[in-house]
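The next block holds one structure in the form of structure tokens; read it before the comments.
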Amino acid sequence: MKVILLGTAAGGGCPQWNCACRLCTSGLVPRSQDCVAISADGAGWYLLNCSPDIRAQILATPALRAGPGPREIPLRGVLLTDAELDHALGLLMLREAGGLPVWAPEAALSALSPFRSIVDGYGGWTWLSAVNIPGLRVDVLPVSNKRPKYAPAGPEGPWVVAYRIEDPATGGVLVYAPCLQSWPPGFDTLVSGADLVLLDGTFYAADEMAGVGGPDQLAMGHLPITASLPRITARPGPHWALTHVNNTNPVLDPTSAEHAAVLAAGALLPPDGTTYVL
Ligand code: MLT
Ligand code: MN
Ligand code: ZN
């Protein structure tokens, strides 16, 4: 299975358009918003989340570009972990896709109904809560009930899931968990035997958003890296890679003590475009 990290930043990317914090103004290599492409055969590709940056991400990734037919595309479907706008708005950009299956938790599908009716106007989309991808085995773990700000209260949840995706042909296993409010029940089983875990790296510390007048980060549904690092160190099997990194997160500065602490704990901070073969 091929895995391409199309984007590795949290909502807004880095730099973020409305932010003048030290990291957004220090000329770091830019990161686009969290999105991953996977393929078992190198020909048909599935997106894990669909970021507002999807157009640039596709154009920057030869395997995802259209062809050889004039309107032939290699995308075969989209799996959403949640209904947050940084994970779902790209569906509007893909409206001419001619209809792709989109999988998401039931509550996320209901929150997305305004966007669904827009893209449905372009025809052929299928919205599903039970994942079924030919050639790959997918397990879904509910991980939290964090509801997007724009979504009306109502559905019970789960609002957010993590995916374990196995290629039966190679035995390669990817776990994708960019939004973890806690280290949830069942997560150790999900990551057991995985080759690569793409883990929520949104915030380094619990009070990080205070510096830019933001909400408490736990209320935003993200376990800080300080809480996940000891767990990563205690579970040395898979490659651990942090993604969905927020523009406020000091780990983005490769000269920071926090960046060094992540690497010392055995985790990686791969940039956009990183490719793995599992
Ligand atoms: C999140 O990851 O917590 C959300 O994307 C935040 C947001 O966009 O409101
Ligand atoms: Mn987000
Ligand atoms: Zn910033």
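Under a 5 Å amide H cut-off, with hydrogens placed 1.01 Å from N, L6 pairs with C35, V36, A37, G273 among residues at least 5 apart or on other chains. Its Kirkwood hydrodynamic radius, worked out from the mean inverse distance over all distinct Cα pairs, puts segment 2-277 at 18.8 Å.
The phi torsions of segment 82-94, fed into the Karplus equation with coefficients 6.51, -1.76 and 1.60 and a -60° offset, translate into couplings of 6, 10, 4, 5, 5, 9, 10, 4, x, 4, 5, 5, 8 Hz, rounded to whole numbers, with Gly and Pro shown as x. In this rough spin-label picture, where each label sits 7 Å from Cα along the Cβ direction, the A257-R235 distance is 2.8 nm.
If only the Cβ of Lys and Arg carry +1 and only the Cβ of Asp and Glu carry -1, the dipole of segment 190-255 around its Cα centre is close to 220 debye. What percentage of the solvent-accessible surface of segment 183-278, computed with a 1.4 Å probe over protein heavy atoms, is contributed by carbon and sulfur atoms? On segment 183-278, the fraction of accessible area on carbon and sulfur atoms equals 62 percent.
Comparing G172, G266, G27 in a Gaussian network model of the chain (Cα springs below 10 Å), the most mobile by mean-square fluctuation is G27. Restricting segment 99-150 to trypsin sites (Lys or Arg not before Pro) that sit in a DSSP loop and have at most 16 other Cβ atoms within 10 Å of their own Cβ leaves K149. Ranking S110, A63, G27 by Cα position along the charge dipole of the chain, where only Lys, Arg, Asp and Glu carry charges on their C-beta atoms, puts A63 farthest toward the positive end. Our note on the geometry: Cα centres of segment 187-216 and segment 93-159, 22 Å apart. Share of carbon and sulfur in the accessible area of segment 1-106 stands at 56%, probe radius 1.4 Å.
At a probe radius of 1.4 angstrom, the accessible area of segment 2-277 per residue rounds to 42 square angstrom.
Rounded to the nearest 20, the Cβ-based charge dipole of the chain about its Cα centre (Lys and Arg +1, Asp and Glu -1) stands at 340 debye.
Each 10 Å bin from 0 upward holds the following percent of the Cα-Cα pairs of segment 30-70: 27, 56, 16, 1. Using 15 Å as the cut-off for backbone N distance, which residues of segment 149-167 belong to the label zone defined by a point 7 Å from the Cα of L85 along Cα→Cβ? Only 149-152 pass the distance filter.
The values are calculated or read from the model by the stated rules, or taken from the named source; none is laboratory data. Treat the numbers as computed from the prediction; the structure is a model and nothing was measured. Neighbour counts run over all protein chains shown; Cβ positions are idealised from the backbone, glycine included. When the accessible area is computed, the model is the full protein with side chains, heavy atoms only, and any ligands, DNA or RNA have been set aside. Shrake-Rupley method; radii C 1.70, N 1.55, O 1.52, S 1.80 Å.
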